[in-house]
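The values are calculated or read from the model by the stated rules, or taken from the named source; none is laboratory data. Quantities reported herein were computed from a predicted structural model and do not represent experimental measurements. Here the Cβ is made from the backbone with ideal geometry for all residues, glycine too, and neighbour counts use every protein chain on show.
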Amino acid sequence: MALFAPTFNNLNELFINELRDLYSAESQLIQALPKMAEAACDPRLKSAFESHLRETEEQARRLEEIFSGLGEKPTGETCKAMEGLVKESSEYVKAGGNPDVRDAGLIGAAQRVEHYEMAGYGTARALASRLGLSDIAQVLQKTLDEEAAADFKLTEIAEGEVNANASGA
């Protein structure tokens with residue numbers, strides 16, 4: 001728990017804080033995705049996690065470029081929400097039992113992550129637009145679109161085979 005609450009005097013300070021939160025979230029996800037891929041039984045799910053790891057690394061790089069262009073540092077904020085989401089996903093990574101059921105749990109945990117990221121990128125994009133940072137808003141929209149596509153792919157995998165396999169367990 002922070003000793004002092006942050007102070008935001010203008011929208012730009014809030015925007016930078018939001019970007020730092022996203023960078024922290026992406027950094028944590030870069031650490032979690034390989035474990036999720038290793039734990040996944042379904043080959044499509046394993047591949048989706050591995051693919052999203054590469055995409056997440058690119059998203060973190062884009063955030064670093066945004067910070068560089070703004071003359072800011074990406075560090076200084078810890079995304080507590082992502083800490084909780086990663087901790088929750090690690091429970092599925094370590095879970096025993098039927099691997100198809102574990103895959104269904106991994107998908108649910110991953111989709112909660114994607115939805116959190118979509119909310120964060122949507123907020124940051126809206127702030128960038130309000131601040132007149134249209135180039136940055138476009139970059140954030142690209143990432144937002146990627147997160148939505150990852151969520152859609154996870155839904156396809158779940159509804160296409162994983163949930164059906166898990167329900168037969």
Acidic (Asp, Glu) and out of contact with any Lys or Arg (no Cβ under 6 Å at 6 or more places or on another chain): does that describe GLU72?
yes
Test for ALA119: is it at pLDDT 95 or above, among the aliphatic types (A, V, I, L, M) and out of contact with any helix residue (DSSP H, G or I) (no Cβ under 7 Å at 6 or more places or on another chain)
yes
All positions within region 97-115 that are farther than 13 Å from SER167 by Cα and not aliphatic (A, V, I, L, M):
GLY97, GLY108, GLN111, ARG112, GLU114, HIS115
Being under 16 Å from ASP100 (Cβ atoms) and in a helix (DSSP H, G or I) is the filter here, so list the residues in region 29-44 that pass it.
MET36, ALA39, PRO43, ARG44
Determine, yes or no, whether GLU91 is surrounded by fewer than 15 Cβ atoms within 10 Å (Cβ to Cβ) and without any contact (Cβ under 8 Å) to a residue 40 or more places away in the chain.
yes
Within region 51-64, residues being over 17 Å from ALA149 (Cβ atoms) and touching a residue at least 24 places away in the same chain (Cβ under 8 Å) number 3
For region 102-140, name all the residues that are of a type outside the set (Lys, Arg), closer than 18 Å to ASN12 by Cα and surrounded by fewer than 16 Cβ atoms within 10 Å (Cβ to Cβ).
GLY122, ALA126, SER129, LEU131, GLY132, SER134, ASP135, GLN138
So which residues in region 34-52 are within 17 Å of SER90 (Cα to Cα) and surrounded by fewer than 21 Cβ atoms within 10 Å (Cβ to Cβ), if there are any at all?
PRO34, LYS35, ALA37, GLU38, CYS41, LYS46, GLU50
Which of the residues that make up region 92-107 are closer than 14 Å to LYS46 by Cα and of a type in the set (Lys, Arg)?
ARG102
From the list SER68, SER47, which one is hydroxyl-bearing (Ser, Thr, Tyr), at pLDDT 95 or above, assigned to a helix (DSSP H, G or I) and within 22 Å of ASN163 (Cα to Cα)?
SER47
Please enumerate the residues belonging to region 74-107 that are over 20 Å from the mean Cα position of the chain (by Cα) and either aliphatic (A, V, I, L, M) or more than 20 Å from GLU38 (Cα to Cα) (or both).
ALA95, VAL101
